[in-house]
Structures are given as structure tokens and as C-alpha cells.
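**Q** My structure is below; once you've seen it, I'll send some questions.
Read the figures in this text as sums done on the coordinates, not as results from a lab. Quick caveat: nothing in here was measured; it's all calculated off a predicted structure. Ideal geometry is used to build each Cβ from the backbone, glycine not excepted, and the neighbour counts take in all protein chains shown.
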Amino acid sequence: MSLWQRLSRAAPYHAHFFASTNHAWVLLVTVGVGVAVATPLSVVAGIAAYGLGMIFLPDLAVFRRGVDARSEAEAAARQQEESSAKEHVRSTLLQKLSPKVRARWQNFSTLCLELQAKLAAAGSDSLMQENSLAKVADSHLLLLAMDADIRGYLDSAESSTALKTRADDIQAEIDRLHKRTDLSEVEQRLVLSKEETLRNLQQQAEQAKRMQLNLELAQSELQRLESQISFLRAELISTPANQLSNRLGETLIQVEASQRVLQEGGMVNAPDLNTLLGESA
């Protein structure tokens, strides 16, 4: 093997060698000894020996195997950590769901797995990466959790009709007090208090309206995902797998955009969203 070939093969391992104790020993035994002898020839010989060591030692099979083994172990540890984090998030989200809704997700997830298996059998690997069907199932779970959060809020919040009735009554009292010109200091403070209460009621009404829209969006996106997966499974019989991959990718982009909108409304924690969708926080 030529010197250039050795250098090319060893290049990815040089950084690891520099950071290892092996490099420190090579430096000490070659340059260090040469300088310690303190003759021009010994210094030159030490530097030359060090240069040769830097060429050949990182290319040794035992060193390369060690570096590769550590890299593989680190990658496996990272993958295990990511998998554990996703499982924790899934478990947390599933706890928000009623048994009926949880079964809905399980059925959808099973459908995704079946479609994944059919695509793999068809020789398509385009759905195995960023547009994987596992991410589709996770997006479906996130939407169900958002839907549950919104429903929980709407069930506990005061109805729009009740809020409007209270706001109208308080507004009428404020208008009545404003018509008077002889308000005492206590009555003036009462007006300020009622005006603040009125603003709070109006904000609650606006929030209720936003939540209702969020609920409609979450339900629509759930229907979009479920219908798309059912359609793709049927289409796989006659449509090339790569075309289905592109179509699914476009749907997933739209769904994730809607999830971001819902997340901004506090319907799901950002770490949950980022963990399941494989993105940075």
C-alpha cells in the first residue's frame, strides 16, 4: 500500500490519535528523547520518528478497531437515549387519553406499521428517514393529546354564553355609575374594579373562541392523517412507492406546521413536540 493510501485511510483517525495517550507517548519517546540527548542529529531523528509515527500509528488496525468500536458504542448510546426519551414522551401523552382515544391511536399506529412493512417489501426506503411512518404515528399521537388538552380546557372553562351574560351585567353597572357626577372615592374604586373584571371576562371569551378554533384544527388534522394513511395503503396496490412517499411527506409537513400553531397556544410542551419529531429544542 502506498504512503498516500495509508494517509487517506488514517485521516479520519488522526484527530482521535492526537487526543489519545498514545500520541503523548509517541511525542515523549521520539521528540522528547531527541531533545533530551541534546544533539542536532538526535533532535532531527526524533522529529523524523515522530512524523513517521503520525503517519503509520493511526493506521494500525488495532487502533482503528478501537476507535470504530467507541464510535459505534457512542452512537448506540445516543440512539438508546433518544429512543428512551421518545418512549417517555409517548407514555406521558398516552396518559392524557381516554381508553377509547388510546385505542384510536393504537389502531392508527398499527396501520402505519402495516404500511411500512408493505413499503419495505416493495423495496422503497424513502419513507424510512425524515418522512418515516413512525413520525406520522407520533404526529397523530401529538394531535390526540392536543385535542384532549383543548377539550379539558373547554370543559372546565365558563361557557361563552355565561361569560357574555356576566360581561353585559357588569357593563350595565359601569355605565350606570359613569352617569353620576357625585361618585365617592369608594365608588370610583368600584368602577375601576369592575372595569378590570370586565377586561378579564372579555379575555376569557377571546381565549374560549381561540380554543374552539384550535379544537377544530386538531380534529381536522387528525382526519387528514387518518384518511391519508388509509388512502396510501389502498393506493400502494397500483401506485409506485416513491410517489406515495412524496405525497405523505407533503401531508406531514402541513400537519407539523399545524402542530406548531397549536403548540404556540400551549396545547403541548415544546420538548414533547421536538422529541417526537426529532428536532432541536
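**Q** Which of Met146, Met211 comes first, and how do the rest follow, when ranked by fewest Cβ neighbours within 10 Å?
**A** Working: Met146 28, Met211 19.
Ranked by crowding around the Cβ, least crowded first: Met211, Met146.
**Q** Still on this structure, I have one more. Order of Ser156, Ser84, Ser230 from fewest to most other C-beta atoms within 10 Å?
**A** Details: Ser156 7, Ser84 10, Ser230 13.
Exposure proxy ranking, most exposed first: Ser156, Ser84, Ser230.
**Q** Hey, which lysines would be in cross-link range of Lys179, C-alpha to C-alpha under 25 Å, not counting anything within fewer than 8 residues on its own chain?
**A** Lys164, Lys194
**Q** Would you mind ranking Ser91, Ser220 so that the residue whose beta carbon has the fewest other beta carbons within 10 Å leads the list? Don't skip to the end; give the middle numbers.
**A** Details: Ser91 9, Ser220 12.
Ascending Cβ contact count within 10 Å gives the list Ser91, Ser220.
**Q** Let me ask another. I want to check the label-to-label distance for Arg104 and His88. Put each point 7 Å from Cα in the C-beta direction and report it in nm to one decimal.
**A** 2.8
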